[in-house]
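**Student:** I have a structure here, written as C-alpha cells, and I will follow up with some questions on it.
The values are calculated or read from the model by the stated rules, or taken from the named source; none is laboratory data. Note that this is a predicted model, so its numbers are computed, not measured. Virtual Cβ from ideal backbone geometry, glycine too; neighbours counted across all protein chains shown. Only protein heavy atoms, including side chains, enter the accessible area calculation; ligands, DNA and RNA are left aside. Shrake-Rupley method; radii C 1.70, N 1.55, O 1.52, S 1.80 Å.
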Amino acid sequence: MLDRLGFVQLDSINAVARAQELTLHARLPNYRHESLFELLPQRRAFEHWTHDAAMLPASSWPYWSERFRQRGERILQSSWWRERKGPRAQEMLAHVLDRLERDGPLQSKDFTSEHRSAGGWWNWKPEKAALEYLWQSGRVSVVGRRNFQKSYDLSSRFLGEPAAQAPEDWVDWACRGALQRLGVATPGEISAYWALVPPQQAREWCRTQLQVLDCAGRAAVAVSDWRERAAAVKMGRKVKLLAPFDPIVRDRARALRLFGFDYRFEAFVPAAQRLHGYYSLPILDGAELVGRVTPKRQGGELTVLSVHWEKTPGTARLRRYGEALERLASFLSLSMTQSRVASID
C-alpha cells in the first residue's frame, strides 16, 4: 500500500488516531495498529519530507538525494536553524556523528547537553538540531519510532549513502510517479505531489505527455491507459472515514475541483471560528465526498462530537456511515457511542 500511494503523511495529533493510522485503516481492513513503523527496521521504508513529514517506500530512496540537497541548503540559509545549532555547529555535528558511529541507533534524549532549554516544542538543544539537520540532509536516517520518538542512525548503515541523480532522471521519476498515482493531473498537482519538482520543470515534463481535460474541464495530462483504468474500477458502496491528510483530500484545491468538496483542517483554527470541529474526518461514500465527522476518543469510548453532511443522507448512507464508525472503534479497541448532533452545511 505504501508503494501504491507513494507516501503516507505522518502527524503527531492523536485526537482519534494519528493520521498515518487513519490513512492505512481506510484502505486495509486488517491493518494492525502502529505496524507502519515496523517497515523501518526491515529497511522496506524510510522517513523524510515530501510536502510534510512522511513515510516513503525504500524504492524511492535512490531518487531522494535531491530532497536531501534541497533541505540541507534550506537549513544552512536559515537563521532559525543557525540559532538552534549553536556557536560550535561543526563541532556539534562531528560529535553527533561520532556518537552514532560508536553507539547508534540513538534518540535525542540519549545526548546530554549543557544547553538549558526554556521549554517549548521547537526550542531544541544543539544536539537535537544537529540530528535533525543530519537527517534532513541525508547523512542520518530515522531507523525506528518508539512512542512516536525518533531513533537515528547513520544512513550508511540503513539504506546506504544517498547518491546524486542526474536532474533529468529524478525529474522524470518524480513526475512520472506522481502521474501514475494521480491518473489525471495538472502540472501544478504533479509538482505538489512530492513537493520535489519545481512547477516550471513539471510543466516542461508535461508537454511530452498525453494532453487531456480533467472532469472539471481543466487542462491536464493523463496516464496513457486512463480509459482502461477507469473501465476496470469497481466502486463499492462503502463509507470510509479519511484522515485530514489522506492523499484524496491533501491537495485541497484538487479535492474542491474534482469532488466539489471544500475541506479545511481546523485544528489550528481558534475554537470560536471552527465550522466543523477540531479534527474532522472527510466522509467518503463510494466515489463521493459527502460530509465530515468529528469523532473523539474519550476513555474507552469513541464519541461523535458532530457530523456535517453536504446534503441530507438517506437511510442506506446512514447505515454505511454507522458501519464505518463501528469499524474505526473496533480498530482502536473502543466501544462506540454516538451523539445526535448533525447538520447540513
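**Student:** Can Pro105 be described as farther than 30 Å from Asp172 by Cβ, in contact with a strand residue (DSSP E or B) (Cβ under 7 Å, 6 or more places away or on another chain) and at pLDDT 90 or above?
**Tutor:** Answer is yes for this residue.
**Student:** Given the conditions (1) without any contact (Cβ under 8 Å) to a residue 40 or more places away in the chain; (2) surrounded by 12 or more Cβ atoms within 10 Å (Cβ to Cβ); (3) part of a loop (DSSP other than H, G, I, E, B), and given that Phe261 satisfies all but one, which numbered condition is not satisfied?
**Tutor:** Phe261 satisfies every listed condition except (1).
**Student:** Across the range 145-182, what is the number of residues that are outside any helix (DSSP H, G or I) and open to solvent by 10 Å² or more (accessible area, probe 1.4 Å)?
**Tutor:** Qualifying residue count, the range 145-182: 18.
**Student:** Those residues that are over 22 Å from Leu40 (Cβ atoms) and touching a Pro at 6+ places or on another chain (Cβ under 8 Å), I need them from the range 121-177; list them, please.
**Tutor:** The one that is over 22 Å from Leu40 (Cβ atoms) and touching a Pro at 6+ places or on another chain (Cβ under 8 Å): Gln165.
Each row is one residue, and each column tells you yes or no for (1) under 20 Å from the mean Cα position of the chain (by Cα); (2) open to solvent by 80 Å² or more (accessible area, probe 1.4 Å); (3) under 26 Å from Tyr63 (Cβ atoms).
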position	(1), (2), (3)
Leu196	yes, no, yes
Leu213	no, yes, no
Ala219	no, no, no
Glu228	no, yes, no
Ala272	no, yes, no
His276	no, no, no
Ala287	no, no, no
Val290	no, no, no
Gly300	no, no, no
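**Student:** Still on this structure, please answer the following. From the list Arg69, Arg84, which one is assigned to a helix (DSSP H, G or I) and open to solvent by less than 80 Å² (accessible area, probe 1.4 Å)? Outline the logic, then answer.
**Tutor:** Values: Arg69 fails: open to solvent by less than 80 Å² (accessible area, probe 1.4 Å).
Among Arg69, Arg84, only Arg84 is assigned to a helix (DSSP H, G or I) and open to solvent by less than 80 Å² (accessible area, probe 1.4 Å).
**Student:** Here's another thing I want to ask about it. Return the residue satisfying two criteria in turn: it lies in the range 272-330 and is assigned to a loop (DSSP other than H, G, I, E, B) and hydrophobic (A, V, I, L, M, F, W, C), and of such residues it is nearest to Glu21 (Cα to Cα).
**Tutor:** Among those residues, the one meeting the criterion is Ala287.
**Student:** Now for a separate question. Go through (1) open to solvent by 50 Å² or more (accessible area, probe 1.4 Å); (2) within 18 Å of Gly144 (Cα to Cα) for Leu2 and report which single condition fails.
**Tutor:** Failed condition: (1).
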